[in-house]
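Working notes, structure below.
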Amino acid sequence: MLLNKKVIIVTGAGGGLGAGIARVCSREGAQVVVADIRGDAAQAIAESLPNPALALACDVGDDDEQGQLVTQTIARFGRIDGLVNNAGINFAKPFLDTTPAEWERIIRVDLRAVFFLSQKVCQQMLAQERPGGSIVNIASVHSQAALPGAGPYDAAKAGVVGMGKSLAVELASQGIRVNAISPGLLNTQIWQDIQDAAPSAEECLDYWRANIPIGRVIEAEEIGELAAFLLSERSGSITGANIFADGGMTAQLISKEPYASRPLAG
Ligand SMILES: NC(=O)c1ccc[n+]([C@@H]2O[C@H](COP(=O)([O-])OP(=O)(O)OC[C@H]3O[C@@H](n4cnc5c(N)ncnc54)[C@H](O)[C@@H]3O)[C@@H](O)[C@H]2O)c1
């Protein structure tokens, strides 16, 4: 097993991607701390995991609650080996209408919380017997390319990647690795919302098939497999990376040329 007895905190693990990451980590032998602003959802996921797990209600945007997350993890498991900063909130509103309060809400949860929760967890990782650990930050394809109306989200996700590189080089010599995963479109609530808003399921699928080279959305547990690898010793040489798990979405310039062009001779 990749993560035998490692203690791994996953934020936003009461549903969606975080729950998928928690499931894979638990299957791989980890003792998972399922943290979510929705305590009841965290409890339900923790109870469904194959290995002993701890559910904690935690708003990662609140500094005191971040501290309690670390304290309660230590009280139960005695150490922390990994942190997955997954909790995040989406945003879509035209730039010209976005308010300072909206900017601050997104940046607080999607960027600031990643920095300060990582800081608290790293202080613990360095103080414990066998110092070291692995941090995985869930960024997004938005760290590389943009959508109109997603300014605060795009800024936060690009910031998570840049900040992660800084932490990676600062902490490498102390045995802590920091990496980002940038998923493409996932089969979580957002995919349901997109389908519900589309005029027809078929039209919606056709559009997304053309925009995702592998021709499908990505399952939470597929990202969980990558996170488990990055949390394990098997990825010991990887730090400061941003790995795109997007089915080729950001590799593609346009889906296909709509007008036939003359073949280009060599
Ligand atoms: N869904 C996608 O297509 C997609 C693509 C790229 C990146 N991501 C990123 O993946 C992560 C998870 O996305 P998802 O689709 O599972 O979202 P989701 O909304 O389905 O789930 C997010 C979870 O985080 C929890 N949460 C929200 N605010 C929180 C807070 N302040 N403190 C603690 N928990 C909080 C929610 O209760 C929920 O359980 C996010 O960081 C998101 O930006 C998602």
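The values are calculated or read from the model by the stated rules, or taken from the named source; none is laboratory data. Computed from a prediction, not measured in an experiment: that's the story for all the values here. As a convention, Cβ positions derive from the backbone with ideal geometry for all residues, glycine included, and neighbour counts pool all protein chains shown.
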**Report entry** Odd one out for Arg216, checked against (1) within 25 Å of Val178 (Cβ to Cβ); (2) under 20 Å from the mean Cα position of the chain (by Cα); (3) assigned to a loop (DSSP other than H, G, I, E, B)
**Finding:** (1)
**Report entry** Unmet requirement for Ala146, which otherwise passes all of (1) touching a residue at least 24 places away in the same chain (Cβ under 8 Å); (2) within 20 Å of the chain's Cα centre (by Cα); (3) surrounded by fewer than 20 Cβ atoms within 10 Å (Cβ to Cβ)
**Finding:** (1)
Report summary line: The lone condition Leu83 fails out of (1) part of a strand (DSSP E or B); (2) within 10 Å of the ligand (Cβ to nearest atom) is (2)
Query raised in the report: Identify, please: which residue in segment 158-170 is touching a helix residue (DSSP H, G or I) at 6+ places or on another chain (Cβ under 9 Å) and touching a residue at least 60 places away in the same chain (Cβ under 8 Å) and is, among those, nearest to the ligand (Cβ to nearest atom)?
Result: Val160
Report task. Working only within segment 220-245, note down all residues that are under 13 Å from the mean Cα position of the chain (by Cα) and either in a loop (DSSP other than H, G, I, E, B) or of a type in the set (D, E, K, R) (or both). Result -> Glu221, Glu222, Glu225
**Report entry** Only listed residue being surrounded by fewer than 23 Cβ atoms within 10 Å (Cβ to Cβ) and at pLDDT 95 or above, chosen from Glu129, Glu104
**Finding:** Glu104
